Amino acid sequence: MSQTSSIPTAFHGSPGPLSLSVALDGAGWHPGAWRTPGARAGELFTPAYWADLVTLAERGLLDFVTIEDALGVQSGDHLATAGRETDQVRGRLDAALVAAFVAPLTRHIGLVPTVTTTHTEPFHVAKAIATLDHNSKGRAGWRVQVSARSDEAAHFGRRELPQLRREDLGTPTADRAVAELFGEAADAVEAVRRLWDSWEDDAEIRDESTNRFVDRAKLHYVDFIGARFTVRGPSITPRSPQGQPIVAVLAHGRVPFALAASSADVVFVTPHHADEARAILARISAAEAEVSRTGAPLRITADLLVVLDDTQAGADARLRDLNRLARAEPRSDALLVATTPAGLADLIEAWRHAGLLHGFRLRPAVLPDDLHAVVEGLVPELQRRGLFRTGYGKQHLRERLGLPRPASRYAELVSPEREHA
Amino acid sequence: MSGQAKQIILGAYFPGVNHDTVWSDPASGSHIDFDSFVHWARTAERGTLDLLFLAEGLRLRDRGGEIFDQDVVGRPDTFTVLASLAAATSRIGLAGTINTTFNEPYELARQFATLDHLSGGRAAWNVVTSSDADTGENFRRGGYLDHSQRYERAGETLAAVRALWDSWDADAVLADKTSGRFLREAGAGDFAFEGSQFDIAGRFTTPRSPQGHPVILQAGESPAGRDFAAASADAIFSRYRTFYQARDFYQDVKARVVKAGRDPGEVKILPSASVVLGDTPAEARERHAHIQDRQFDPYTVIVLAEMVWNRDLSGVDPEGPVPDVAPTPEAPKWIRGRAPLTQDAHTTVRQWRELAELDNLNLRQVVTKVFDRAVFVGTPAQVAGEIDHFVQQDACDGFILGSHVSPSGLDEVVDRVVPLLRDRGSFRREYTGTTLREHLGLRPATP
């Protein structure tokens, strides 16, 4: 079945206005963050902490926040089982519910929680994100994530996953396991997207004359049948303001690039220099061609882990302090940048020209400090350079990212031929 | 009786996807827009009610394969609405009905613990279990659960969820920046649970929430359900509408609570009740009759009868006698997505026929009598008096109140009935506690 409207895939030649977002996680992305003076280490599980972070991000006119999550305790490595450390942040709240909580407290900023596809029910995910979209009036997204950890599988006890080890990646056994997880994720996104379309926009009619609340011709069974699950539908939740909330994927390699190309609107990537950004862009274009992607091209967004200070010496000193507090250098898939707001603006400007990236997702090393520096330092600097907007325009997150609102795939199209026949 | 009156517990249910919600009423608003939920929640909080309550239905209803179109159709996700309401309210309890058949303990535990954190200790879970194979069509696990395993599944889910909630000590998070110690103990979150339904182990993600254990609600009517609720719930819903039925249920359940080794005060009994008000008794009755006409239109009467007969009754005259055809409970389900009305259709049909004969009622009148949710019809003073009477005379500990229209149906109850209950000294004028456990007079949860 054709799933999207038939806008031809544009070459990634016009990245459009700069998109800026932040990734929120615990006390920040550096393992030493929680020990810094500004960290609110004792409040990480309180509503006020999350409300303050997201309202701060909204003051910076950021497109959206993502909220990390996983179905297991942090291990500092998405492949590794949680260890027995007591010196790092452990524990988290459910990201989708944190996003739901901050929705009424904000008006513009997009809310993109991480929700795992591996052990969860696509039906629940579909209605949760659709409801987040209703409650936020069109600002919801879903960051899709697989769970590769065998300890997380044991939390559900429904199947055993082989423990993937980093050194095994690339072997046939590991490749099969990865393909299985990402295949399931693609199925989950497809099932969810169908459920989001299963009510046409105008299904609720409240027609007293015929005693009908809905027009049942506009409600659709989705009948997703995959190797791993089936979903009948329709959703219990009517179509949401955006129709299709944003779907985002973090991708580092061939298999996740393919998932992003087939299933996502936004892809987060982790180039470490401009040439690499260009190479990643080429790989993504190839992945899009390979899956014959239709509709708008992926919004390619580079992740950066940022340590910001007014001076370069100050930023270097902050990073040294963080490493000392963590008793280790951070492991990071994304480039770690310790710089000034102006230095970060230079990098963003250079990469935009070189790689034609749509935007950047910043991972603040320390929360709220580096988020504050983004909002009070980086954003005004980018505005001075004419690179970033000075106010929120469009209400819906999709619109802000330059994505049209799609009609339900089940809506009957009246083709011109038929009209003239 | 000297001293203080027994304090009434009051909740509010959101008018749902049922025939009792009159969507054609001019005051009827959206059932999906968050603004509707905010209006409802703030009204309830203005009335210092104990809790808000959301029902659940995980598939759209259909009849003979065609999706219901006569009632309100569609609802938002329960957890998402409650988490958003946590930000829009500050004191009222937030209760969600969540199915144990189509959710896993690890997810349930973290979602309710998160809701409890976000709301500062106001979360409650109405534990239900479905053996409905049709709803299973929307889920990975399908409709595998045998009817006889329902309480086994529910009991194990609840035990597993409680084990997860207890896996973090209240003081597990030290967050001592100077010493560099974030966790007090390395084992924070460790859990293991083994039973016939689950064999799970590992570490739980979410630190202990303000209430420790969110409040557990249940609705059990069969003896097994009553025992389960008496042993494991903090509050029980019932649907007994007459005083004596309610009091029988109350006495029966409280006896079971004692038999389960608990203090009878530890389990609150809360029937649901719709309220219809008028300035005079006659006006209230007239309004009630008008609402009933809208709720029990000819088509709805037939659909509700079909829920018992499990067959197509579209040729039956709602103004005629109770149909003399036999029910066919063994046939494929004619109406799907609704909880079964009866486990024994033949007995229910016999009771309906007796009811019709006794009072000389036609089918519509029987259906109206059986399904009408309006318990209190009268002036505000009458309704306040009746509510208080039920509670003071131990027919229940309070009510979950609602009306036929959303989201504003609760307004007049809060504005006109609640003040009278306060004047009688049996309902709070302001919140004294911060958690739902405190509102309900329940002890803190201990591991």
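The values are calculated or read from the model by the stated rules, or taken from the named source; none is laboratory data. All figures in this text were calculated on a predicted structure; none of them were measured in a lab. Using ideal geometry, Cβ is built from the backbone for each residue, glycine included, and neighbour counts are taken over all protein chains shown. Just so you know, the surface numbers come from the protein's heavy atoms only, side chains and all, with ligands and any DNA or RNA stripped out. Shrake-Rupley method; radii C 1.70, N 1.55, O 1.52, S 1.80 Å.
Average accessible surface for chain A: 38 Å² per residue, computed with a 1.4 Å probe over protein heavy atoms with every protein chain in place.
Hey, which of these cross-link pairs are over 32 Å Cα-Cα: A:LYS127/B:LYS6; A:LYS127/B:LYS333; A:LYS127/B:LYS369? Cα-Cα > 32 Å for A:LYS127/B:LYS6; A:LYS127/B:LYS369; rest within. Taking 7 Å steps out from each Cα toward its Cβ at A:SER209 and B:LYS259 produces label points 5.9 nm apart. The accessible area of B:ARG63, taken with all protein chains in place and a 1.4 Å probe, comes to roughly 40 Å².
Computed over the Cα atoms of region B:267-418, the ratio of the radius of gyration to the Kirkwood radius (Rg/Rh) comes to 1.02.
Projecting the Cα atoms of A:ALA326, A:LEU308, A:SER292 onto the dipole axis of region A:262-364, where Lys and Arg carry +1 and Asp and Glu carry -1 at the beta carbon, places A:ALA326 farthest toward the positive end.
Given a 1.4 Å probe and the protein chains as shown, B:ASP25 ends up with an accessible area of around 40 Å². Roughly how big is region B:283-370's charge dipole about its Cα centre, with Cβ charges of +1 (Lys, Arg) and -1 (Asp, Glu), in debye to the nearest 20? In debye, rounded to 20, region B:283-370 gives about 340.
Remark: chain A carries a charge dipole of roughly 200 debye about the Cα centre, counting +1 on each Lys and Arg Cβ and -1 on each Asp and Glu Cβ. Quick note on the protein assembly as shown: its Rg to Rh ratio, both from C-alpha atoms and Rh being the Kirkwood radius, is 0.98. Of interest is the spacing of the C-alpha centroids, which for region A:153-205 and region B:301-318 amounts to 43 Å. Between region B:103-156 and region B:319-368, what's the alpha-carbon centroid distance in Å? Each part reduced to its Cα centre gives a spacing of 31 Å.
The Kirkwood radius of chain B, taken over pairs of alpha-carbon atoms, gives through the Stokes-Einstein law at 10 °C and 1.306 mPa s a diffusion coefficient of 69 µm² s⁻¹. Site pair B:GLN343 and B:ASP169 shows an inter-label distance of 4.4 nm when each label is modelled 7 Å from Cα along Cα→Cβ. The alpha-carbon of A:LYS394 sits under 17 angstrom from the alpha-carbons of these aspartates and glutamates, leaving out residues fewer than 8 places away in its chain: A:GLU58, A:ASP63, A:ASP133.
Count Lys and Arg as plus one, Asp and Glu as minus one, and take only other residues whose Cβ is under 14 Å from that of B:LEU277; the net charge is then -4.
Counted by Cβ distance under 13 Å from B:HIS117, the other residues give a net charge of +1, where Lys and Arg count +1 and Asp and Glu count -1.
With only Cα atoms counted, region B:283-370 has Rg and Dmax values of 13.2, 45 Å. Computed with a 1.4 angstrom probe on protein heavy atoms, the A-B interface buries about 6600 square angstrom of accessible area in total. Here's the picture: charge each Lys and Arg Cβ at +1 and each Asp and Glu Cβ at -1 in region B:185-319, and of B:VAL267, B:VAL308, B:ALA229 the one pushed furthest to the positive end of that dipole is B:VAL267. Fully extending the segment from B:ARG46 to B:SER90 would add 14.8 nm, taking 0.36 nm per residue of separation and subtracting the current Cα-Cα distance. Comparing mean-square fluctuations of B:LEU115, B:LEU51, B:LEU341 from a GNM of chain B with C-alpha springs under 10 Å, the top value falls on B:LEU341.
Over chain B, with a Gaussian network built from C-alpha contacts below 10 Å, which listed residue (B:PRO223, B:PRO264, B:PRO419) shows the highest mean-square fluctuation? Maximum among the listed residues: B:PRO223. The label point for B:GLU357 and the one for A:GLU43, both projected 7 Å from the Cα toward the Cβ, are 7.1 nm apart.
Computed in the context of the full set of protein chains, the accessible area of the protein assembly as shown at 1.4 Å probe radius has 51% of its extent on carbon or sulfur. Would you work out which of A:ALA274, A:GLN395, A:LEU382 lies farthest towards the positive end of the dipole of region A:2-419? Charges go on Cβ: Lys and Arg +1, Asp and Glu -1. Towards the positive end, the residue furthest out is A:GLN395.
Probing with 1.4 Å while keeping every protein chain in the model, the per residue accessible area of region B:283-370 equals 54 Å².
With K and R counted +1 and D and E -1, the other residues having a Cβ less than 12 Å from that of A:ALA328 yield a net charge of 0. Global size of chain A: 21.6, 75 Å for Rg and Dmax (C-alpha atoms, Rg to one decimal, Dmax whole).
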